[in-house]
Structures are given as structure tokens and as C-alpha cells.
Amino acid sequence: MYRLYTKVVALSLGVFLAVIYVICVIFDLLWPVYEMRRVWPLLLPGFTWLTPSSFLLGLAESFVWGLLAGIIFVPIYNYFVGRFAEMVT
């Protein structure tokens, strides 16, 4: 089994969540019936619907959440890969 690189996974997840955030905001603007307006402030502290500065704040926070997920996930994954690699192969 291969070990993961923290920087690669963290940046990938950060960009992934930032793209998903932009898609969700566009979705909210196109179909307001299915809006997530009430959820955004719970997920992204400081976010208010929808000013340019708030949009950028949400984008940055989404990216940071992805970074944090990668930084936490990769060491855990690598630990278990190292511990159980003999069992899998």
C-alpha cells in the first residue's frame, strides 16, 4: 500500500471544497427554493448572504476546511497503512 502525501491531499481537498462551495452558491442563486442560506452561517463562521466580502470569506473558509481535513486524515491513514500493510499484502 502506498502512503499519502499530506500537502497533496490537503491542497486537493481544499480546492475541492472551494469548488463545491462555488457550485452551491450558484445553485442557491439559480434555484432559491432549494436554498442553503440558513445553513451557510452554521458551516462558515462570519458568512452572511451574499456580499462580495462574504463570498470571498466563505471561499477561503471552505478551502481551509479542506486543508484541515487533509492534514488530519493523511497521518491517520498513513499510520494504519504502516501498521496493517503486512496483513493486506
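The values are calculated or read from the model by the stated rules, or taken from the named source; none is laboratory data. Because the structure is predicted, anything quoted here is derived from the model rather than measured. So basically every Cβ, Gly included, is an ideal-geometry build from the backbone, and we count neighbours across all protein chains shown.
Could you please let me know if S62 is under 17 Å from the mean Cα position of the chain (by Cα) and of a type in the set (G, A, S)?
Criteria met by S62.
Among the residues of region 44-81, how many are outside any helix (DSSP H, G or I) and either among the acidic types (D, E) or loosely packed, with under 15 Cβ neighbours inside 10 Å (or both)? Spell out the reasoning first.
So the first thing to find is which residues in region 44-81 are outside any helix (DSSP H, G or I), and the list is 44-51.
Those still in the list that are either among the acidic types (D, E) or loosely packed, with under 15 Cβ neighbours inside 10 Å (or both) too: 45-46, 48, 50-51.
Number satisfying all stated conditions: 5.
Considering region 10-43 alone, what residues qualify as being at pLDDT 90 or above, under 19 Å from F63 (Cβ atoms) and part of a loop (DSSP other than H, G, I, E, B)?
Listed by number, the list is empty, since nothing qualifies.
Taking L4 and the conditions (1) assigned to a helix (DSSP H, G or I); (2) modelled with pLDDT of 90 or more; (3) of a type outside the set (G, A, S), which numbered condition does it fall short on, given that it satisfies the others?
Tallying (1) assigned to a helix (DSSP H, G or I); (2) modelled with pLDDT of 90 or more; (3) of a type outside the set (G, A, S), L4 fails exactly one: (1).
If I ask for residues that are out of contact with any helix residue (DSSP H, G or I) (no Cβ under 9 Å at 6 or more places or on another chain) and in contact (Cβ under 8 Å) with a residue 12 or more places away in the chain, which ones from region 34-77 would you list?
L57
Could you look through region 11-43, keep only residues that are buried (at least 16 other Cβ atoms within 10 Å of the Cβ) and of a type outside the set (A, V, I, L, M), and pick out the one that is farthest from the chain's Cα centre (by Cα)?
Step one: of region 11-43, the residues buried (at least 16 other Cβ atoms within 10 Å of the Cβ) are 13-14, 17-18, 21, 24-25, 28, 40.
Among the residues that remain, those that are also of a type outside the set (A, V, I, L, M) are: 14, 21, 24, 28, 40.
Values: G14: 5, Y21: 9, C24: 13, D28: 18, W40: 14 Å.
So the residue we want is D28.
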